[in-house]
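What follows is a short report on a single structure.
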Amino acid sequence: MPDMLVKLYELPDHRELIRNLADQGIVIRRISAHERRHLLRFANDEFQPAWADECNAAFSNTPVSCFIAVENEQIIGFACYDVTRKGYFGPTGVADTARGKGVGKALLLAALWALWHEGYAYGIIGGVGPADFYARACNATEIPGSSPGIYANRITSELDPPANN
Ligand SMILES: CC(C)(COP(=O)(O)OP(=O)(O)OC[C@H]1O[C@@H](n2cnc3c(N)ncnc32)[C@H](O)[C@@H]1OP(=O)(O)O)[C@@H](O)C(=O)NCCC(=O)NCCS
(Lines give C-alpha, C1' and ligand atoms only; values in the text may rest on other atoms or scores of the structure.)
Protein backbone atom coordinates (compact mmCIF):
# COMPACT_ATOMS: atom_id res chain seq x y z
CA MET A 1 0.00 0.00 0.00
CA PRO A 2 2.01 2.99 -1.27
CA ASP A 3 1.55 6.63 -0.34
CA MET A 4 0.39 9.19 -2.91
CA LEU A 5 1.38 12.81 -3.42
CA VAL A 6 -1.07 15.66 -4.09
CA LYS A 7 -0.22 19.13 -5.37
CA LEU A 8 -2.31 21.29 -3.07
CA TYR A 9 -1.62 24.37 -5.22
CA GLU A 10 -3.60 22.73 -8.05
CA LEU A 11 -6.63 21.46 -6.13
CA PRO A 12 -9.97 21.49 -7.93
CA ASP A 13 -12.74 23.76 -6.63
CA HIS A 14 -15.14 21.65 -4.57
CA ARG A 15 -17.72 24.26 -3.65
CA GLU A 16 -20.30 23.20 -6.24
CA LEU A 17 -20.00 19.58 -5.12
CA ILE A 18 -20.58 20.66 -1.49
CA ARG A 19 -23.63 22.70 -2.58
CA ASN A 20 -25.07 19.79 -4.59
CA LEU A 21 -24.73 17.48 -1.60
CA ALA A 22 -26.37 20.09 0.65
CA ASP A 23 -29.31 20.18 -1.78
CA GLN A 24 -29.66 16.40 -1.17
CA GLY A 25 -29.58 16.91 2.61
CA ILE A 26 -25.93 15.92 3.08
CA VAL A 27 -23.80 18.45 4.95
CA ILE A 28 -19.99 18.39 4.74
CA ARG A 29 -18.46 20.17 7.71
CA ARG A 30 -15.71 20.04 10.28
CA ILE A 31 -16.57 17.88 13.30
CA SER A 32 -16.80 19.53 16.74
CA ALA A 33 -15.16 18.25 19.91
CA HIS A 34 -18.51 17.45 21.56
CA GLU A 35 -19.23 14.96 18.76
CA ARG A 36 -16.07 12.89 19.24
CA ARG A 37 -17.80 9.76 20.60
CA HIS A 38 -20.06 9.53 17.54
CA LEU A 39 -17.09 9.64 15.15
CA LEU A 40 -15.06 7.07 17.10
CA ARG A 41 -17.99 4.66 17.14
CA PHE A 42 -18.60 5.16 13.40
CA ALA A 43 -14.94 4.60 12.49
CA ASN A 44 -14.67 1.54 14.74
CA ASP A 45 -17.95 -0.11 13.75
CA GLU A 46 -17.93 0.66 10.02
CA PHE A 47 -14.18 0.32 9.45
CA GLN A 48 -11.49 -0.67 11.95
CA PRO A 49 -10.25 0.12 15.50
CA ALA A 50 -7.00 1.61 14.17
CA TRP A 51 -8.99 4.23 12.27
CA ALA A 52 -10.90 5.12 15.42
CA ASP A 53 -7.51 5.64 17.13
CA GLU A 54 -6.43 7.98 14.32
CA CYS A 55 -9.76 9.85 14.44
CA ASN A 56 -9.15 10.37 18.15
CA ALA A 57 -5.84 12.09 17.32
CA ALA A 58 -7.70 14.66 15.19
CA PHE A 59 -9.15 16.12 18.40
CA SER A 60 -5.63 17.00 19.61
CA ASN A 61 -5.44 19.57 16.83
CA THR A 62 -7.03 23.00 16.78
CA PRO A 63 -9.12 23.26 14.73
CA VAL A 64 -10.07 19.57 14.92
CA SER A 65 -8.51 18.06 11.79
CA CYS A 66 -11.45 15.99 10.59
CA PHE A 67 -14.41 16.62 8.29
CA ILE A 68 -17.63 14.65 8.43
CA ALA A 69 -20.64 14.12 6.19
CA VAL A 70 -23.94 14.33 8.05
CA GLU A 71 -27.34 13.12 6.83
CA ASN A 72 -30.45 12.88 8.99
CA GLU A 73 -28.38 13.82 12.05
CA GLN A 74 -26.06 10.81 11.52
CA ILE A 75 -22.44 10.57 10.42
CA ILE A 76 -22.24 8.88 7.01
CA GLY A 77 -18.57 9.61 6.27
CA PHE A 78 -15.39 11.18 7.60
CA ALA A 79 -11.96 12.33 6.46
CA CYS A 80 -9.05 13.20 8.75
CA TYR A 81 -5.81 15.02 8.00
CA ASP A 82 -2.69 15.78 10.04
CA VAL A 83 -3.24 12.75 12.28
CA THR A 84 -1.14 9.86 10.92
CA ARG A 85 1.75 12.24 10.31
CA LYS A 86 1.94 15.97 9.59
CA GLY A 87 0.66 16.72 6.11
CA TYR A 88 -0.97 13.30 5.73
CA PHE A 89 -4.55 12.80 4.56
CA GLY A 90 -6.58 9.96 6.08
CA PRO A 91 -8.06 7.85 7.34
CA THR A 92 -11.30 8.33 5.42
CA GLY A 93 -14.41 6.31 4.87
CA VAL A 94 -18.00 6.57 3.69
CA ALA A 95 -20.77 4.24 4.93
CA ASP A 96 -21.57 1.48 2.44
CA THR A 97 -25.09 2.80 1.89
CA ALA A 98 -23.90 6.36 1.08
CA ARG A 99 -21.21 5.57 -1.50
CA GLY A 100 -21.26 6.73 -5.10
CA LYS A 101 -22.86 10.14 -4.42
CA GLY A 102 -19.72 12.26 -4.28
CA VAL A 103 -19.44 12.21 -0.48
CA GLY A 104 -15.96 10.66 -0.43
CA LYS A 105 -14.67 13.17 -2.99
CA ALA A 106 -16.20 16.12 -1.12
CA LEU A 107 -14.64 15.00 2.17
CA LEU A 108 -11.27 14.41 0.48
CA LEU A 109 -11.22 17.88 -1.11
CA ALA A 110 -12.44 19.60 2.08
CA ALA A 111 -9.55 18.06 4.01
CA LEU A 112 -6.97 18.79 1.29
CA TRP A 113 -8.12 22.42 1.05
CA ALA A 114 -7.71 22.65 4.83
CA LEU A 115 -4.11 21.41 4.49
CA TRP A 116 -3.50 24.07 1.84
CA HIS A 117 -4.98 26.83 4.00
CA GLU A 118 -2.86 25.65 6.94
CA GLY A 119 0.28 26.23 4.87
CA TYR A 120 1.20 22.96 3.19
CA ALA A 121 2.16 22.91 -0.51
CA TYR A 122 1.81 19.13 -0.90
CA GLY A 123 -0.40 16.57 0.79
CA ILE A 124 0.37 12.89 1.28
CA ILE A 125 -2.30 10.24 1.13
CA GLY A 126 -1.03 7.53 3.42
CA GLY A 127 -1.15 3.79 2.66
CA VAL A 128 -3.57 4.07 -0.22
CA GLY A 129 -6.27 1.59 -0.98
CA PRO A 130 -8.30 2.95 -3.92
CA ALA A 131 -5.52 4.66 -5.93
CA ASP A 132 -7.84 5.35 -8.91
CA PHE A 133 -10.24 7.26 -6.64
CA TYR A 134 -7.41 9.58 -5.52
CA ALA A 135 -5.93 9.90 -9.01
CA ARG A 136 -9.31 11.00 -10.41
CA ALA A 137 -10.45 13.18 -7.52
CA CYS A 138 -7.26 15.19 -6.90
CA ASN A 139 -4.63 14.08 -9.46
CA ALA A 140 -2.68 12.19 -6.79
CA THR A 141 0.34 10.25 -7.99
CA GLU A 142 2.05 7.28 -6.40
CA ILE A 143 5.24 7.99 -4.45
CA PRO A 144 7.82 5.43 -5.65
CA GLY A 145 9.23 3.14 -2.95
CA SER A 146 6.72 4.33 -0.32
CA SER A 147 5.33 0.91 0.66
CA PRO A 148 5.31 -0.03 3.53
CA GLY A 149 6.72 3.42 4.34
CA ILE A 150 5.74 4.53 7.83
CA TYR A 151 3.52 1.47 8.22
CA ALA A 152 6.47 -0.92 8.63
CA ASN A 153 6.88 -2.85 11.90
CA ARG A 154 3.21 -2.66 12.86
CA ILE A 155 1.93 -4.09 16.12
CA THR A 156 -0.74 -6.75 15.66
CA SER A 157 -2.93 -8.57 18.18
CA GLU A 158 -6.51 -9.75 18.75
CA LEU A 159 -7.43 -6.07 19.17
CA ASP A 160 -7.36 -5.87 15.35
CA PRO A 161 -10.17 -7.93 13.84
CA PRO A 162 -10.18 -8.38 10.04
CA ALA A 163 -10.88 -5.01 8.38
CA ASN A 164 -14.44 -4.26 7.15
CA ASN A 165 -13.42 -2.06 4.23
C1 LIG B 1 -13.07 5.32 -1.19
C2 LIG B 1 -14.38 5.90 -0.66
C3 LIG B 1 -14.09 6.88 0.48
C4 LIG B 1 -15.07 6.65 -1.83
O5 LIG B 1 -16.26 7.25 -1.32
P6 LIG B 1 -17.53 7.52 -2.26
O7 LIG B 1 -18.40 8.48 -1.55
O8 LIG B 1 -18.15 6.24 -2.68
O9 LIG B 1 -16.83 8.18 -3.54
P10 LIG B 1 -17.45 9.30 -4.50
O11 LIG B 1 -18.90 8.98 -4.72
O12 LIG B 1 -17.13 10.64 -3.97
O13 LIG B 1 -16.62 9.05 -5.83
C14 LIG B 1 -15.96 10.10 -6.53
C15 LIG B 1 -15.39 9.52 -7.80
O16 LIG B 1 -14.46 8.46 -7.50
C17 LIG B 1 -14.87 7.23 -8.10
N18 LIG B 1 -14.60 6.17 -7.12
C19 LIG B 1 -15.22 5.96 -5.94
N20 LIG B 1 -14.68 4.91 -5.30
C21 LIG B 1 -13.71 4.44 -6.12
C22 LIG B 1 -12.79 3.37 -6.01
N23 LIG B 1 -12.79 2.54 -4.95
N24 LIG B 1 -11.90 3.19 -7.03
C25 LIG B 1 -11.91 4.01 -8.11
N26 LIG B 1 -12.76 5.06 -8.27
C27 LIG B 1 -13.65 5.26 -7.28
C28 LIG B 1 -16.35 7.41 -8.35
O29 LIG B 1 -16.77 6.57 -9.41
C30 LIG B 1 -16.45 8.87 -8.70
O31 LIG B 1 -16.03 9.07 -10.03
P32 LIG B 1 -16.62 10.30 -10.90
O33 LIG B 1 -16.24 11.58 -10.20
O34 LIG B 1 -15.96 10.12 -12.23
O35 LIG B 1 -18.10 10.08 -10.92
C36 LIG B 1 -15.36 4.78 -0.19
O37 LIG B 1 -15.52 3.85 -1.23
C38 LIG B 1 -14.91 4.05 1.07
O39 LIG B 1 -15.25 4.45 2.19
N40 LIG B 1 -14.15 2.95 0.88
C41 LIG B 1 -13.73 2.13 2.04
C42 LIG B 1 -12.71 2.82 2.87
C43 LIG B 1 -11.45 3.20 2.08
O44 LIG B 1 -11.01 2.47 1.19
N45 LIG B 1 -10.87 4.34 2.45
C46 LIG B 1 -9.67 4.84 1.81
C47 LIG B 1 -8.45 4.26 2.46
S48 LIG B 1 -6.95 4.91 1.72
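Miscellaneous remarks
- Taken as entire DSSP H runs, the helices of the chain that both span 18 Å or more between Cα atoms along their own long axis and average -1.0 or more on the Kyte-Doolittle scale are 103-117.
- Sorted largest first by accessible area at a 1.4 angstrom probe radius, with every protein chain in place, the residues GLU54, GLU142 fall in the order GLU142, GLU54.
- Apolar share of the accessible surface for the chain: 50 percent from carbon plus sulfur atoms, 1.4 Å probe.
- Net charge, VAL128 excluded, C-beta distance under 11 Å - Lys, Arg +1, Asp, Glu -1: -3
- The chain - mean residue ellipticity at 222 nm from DSSP helices (-39,500 (n - 2.57) per run, n ≥ 4, rounded to 500): -9500 deg cm²/dmol
- Given their separation in residues at 0.36 nm each and the Cα-Cα distance between them, GLU10 and ILE155 gain 48.5 nm when the chain is fully extended.
- Mean accessible surface per residue for the chain, computed with a 1.4 Å probe while every protein chain stays in place, in Å²: 56
- Packing-based ranking, highest mean first, of 117-130, 87-100 given that Cβ atoms within 10 Å are counted: 87-100, 117-130
- Here each label is just a point 7 Å from Cα along the line to Cβ, and for GLN74 and ILE143 those points are 3.6 nm apart.
- Choice from ASP82, ASP13, ASP53 with maximal GNM fluctuation in the chain (Cα, 10 Å cutoff): ASP13
- Distance cut-off 20 Å, percentage of C-alpha pairs in the range 1-135 lying past it: 39
- Euclidean distance between Cα centres, the range 48-69 to the range 16-40, Å: 14
- The calculated FRET efficiency for VAL27 paired with ARG85, based on their beta-carbon distance and R0 = 25 Å, is about 0.30.
The values are calculated or read from the model by the stated rules, or taken from the named source; none is laboratory data. Fair warning: this is a prediction, and the values are worked out from it, not measured in the lab. A quick note on method: Cβ atoms are made from the backbone with ideal geometry, for glycine too, and the neighbour counts reach across all protein chains shown. These accessible areas exclude ligands, DNA and RNA; they are computed on the full protein's heavy atoms, side chains included. Shrake-Rupley method; radii C 1.70, N 1.55, O 1.52, S 1.80 Å.
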